[in-house]
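Trainee: Sharing a structure below in structure tokens format, with a few things to ask.
The values are calculated or read from the model by the stated rules, or taken from the named source; none is laboratory data. For clarity, every value in this text was computed on a predicted model and none was experimentally measured. No Cβ is skipped: glycine too gets one built from the backbone with ideal geometry, and neighbour counts run over all protein chains shown. What goes into the accessible areas is simple: the full protein's heavy atoms, side chains included, and nothing from ligands, DNA or RNA. Shrake-Rupley method; radii C 1.70, N 1.55, O 1.52, S 1.80 Å.
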Amino acid sequence: MGMLTAFAPDEVARCVTEIDLGALADRGIEGLLIDVDNTLLAYGARDMEPQRLAWARRAAERFGVCLLSNSVRGLRVRQVSEELGVPGISVWHWQRKPLSGGYRRALAEIGTSPERTAMIGDQLMTDIWGANRCGLYTIWVQPISAGEFVITRHVHRRLEAYIARKLTAAGLMPSYPEAGDEA
């Protein structure tokens, strides 16, 4: 199993609105690093869906929150971070997820330690793998839409499906929460 466990999320959710904020606080989580595209905001969309926006605002009231996104220009990250009143970090090149630089910057921004921070994202290959390597609690959510960056759609998602099947077969993939267990 070795390398396979590096991709195993601690938790899975169909959508961020399924993530139980109280349960995260109970486990000692003080900070949340949250991906933007296809986690909070549909790829290419300008506005966050109202339920996701309400969840993100509740999260920002309860935790230190930093948006962390692989992005060259970071326009969408800035837009969402301003809307929520939280810091946002766009990383590229040598700080790009799954490399540790962006995670370290985000942790420093909100002042939490890896063991007291959760990463929420829609990609095993970047969000979850990188956060696991940095010692964060990881929550993998289903992508909001099928629209995505071309490399994500044609490379990462194919590898991700293979890895998810292997994790499930090895009993390393958490199950989805029951309907109605939302935060």
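Trainee: Give just the number: which of (1) touching a residue at least 24 places away in the same chain (Cβ under 8 Å); (2) over 15 Å from the mean Cα position of the chain (by Cα); (3) open to solvent by 40 Å² or more (accessible area, probe 1.4 Å) does ARG14 not satisfy?
Mentor: Against the list (1) touching a residue at least 24 places away in the same chain (Cβ under 8 Å); (2) over 15 Å from the mean Cα position of the chain (by Cα); (3) open to solvent by 40 Å² or more (accessible area, probe 1.4 Å), ARG14 comes up short only on (2).
Trainee: Contact list please: Cβ distance under 6 Å, first residue in the range 95-121 and without any contact (Cβ under 8 Å) to a residue 24 or more places away in the chain and of a type in the set (S, T, N, Q), second residue outside any loop (DSSP other than H, G, I, E, B) and open to solvent by less than 60 Å² (accessible area, probe 1.4 Å), pairs at least six apart or on different chains.
Mentor: Hits for this filter: GLN95/GLY101; GLN95/GLY102.
Trainee: Given the conditions (1) part of a helix (DSSP H, G or I); (2) farther than 22 Å from TYR43 by Cα; (3) in contact with an Asp or Glu (Cβ under 6 Å, 6 or more places away or on another chain); (4) not acidic (Asp, Glu), which single one is not true for THR112?
Mentor: THR112 satisfies every listed condition except (1).
Trainee: Also, quick follow-up: PRO177 is checked against (1) over 21 Å from ASP26 (Cβ atoms); (2) at pLDDT below 95 and fails just one. What number does that condition carry?
Mentor: (1)
Trainee: Is the range 53-67 home to any residue that is within 14 Å of the chain's Cα centre (by Cα), among the small types (Gly, Ala, Ser), under 26 Å from ALA146 (Cα atoms) and open to solvent by less than 60 Å² (accessible area, probe 1.4 Å)?
Mentor: Within the range 53-67, one or more residues are within 14 Å of the chain's Cα centre (by Cα), among the small types (Gly, Ala, Ser), under 26 Å from ALA146 (Cα atoms) and open to solvent by less than 60 Å² (accessible area, probe 1.4 Å).
Trainee: Could you list, in sequence order, all residues of the range 40-72 that are in contact with a Ser or Thr (Cβ under 7 Å, 6 or more places away or on another chain) and part of a loop (DSSP other than H, G, I, E, B)?
Mentor: ALA42, TYR43, SER71
Trainee: Okay, moving on. Would you point out which residue out of ILE151, ILE144, ILE139 is buried (at least 16 other Cβ atoms within 10 Å of the Cβ) and outside any loop (DSSP other than H, G, I, E, B)?
Mentor: Just a single option satisfies the conditions, and that option is ILE139.
Trainee: In the range 1-11, how many are over 15 Å from ILE139 (Cβ atoms) and touching a residue at least 12 places away in the same chain (Cβ under 8 Å)?
Mentor: Qualifying residue count for the region: 4.
Trainee: Moving on to the next point. Could you identify the single residue in ARG158, ARG153, ARG165, ARG133 that is without any contact (Cβ under 8 Å) to a residue 40 or more places away in the chain and under 21 Å from TRP92 (Cβ atoms)?
Mentor: Result of the check over ARG158, ARG153, ARG165, ARG133: ARG153.
Trainee: Going through the range 76-115 one residue at a time, which ones are open to solvent by 70 Å² or more (accessible area, probe 1.4 Å) and of a type in the set (A, V, I, L, M)?
Mentor: ALA108
Trainee: Could you check the range 28-41 and list, in sequence order, the residues that are surrounded by fewer than 24 Cβ atoms within 10 Å (Cβ to Cβ) and touching a Gly at 6+ places or on another chain (Cβ under 7 Å)?
Mentor: GLU30, GLY31
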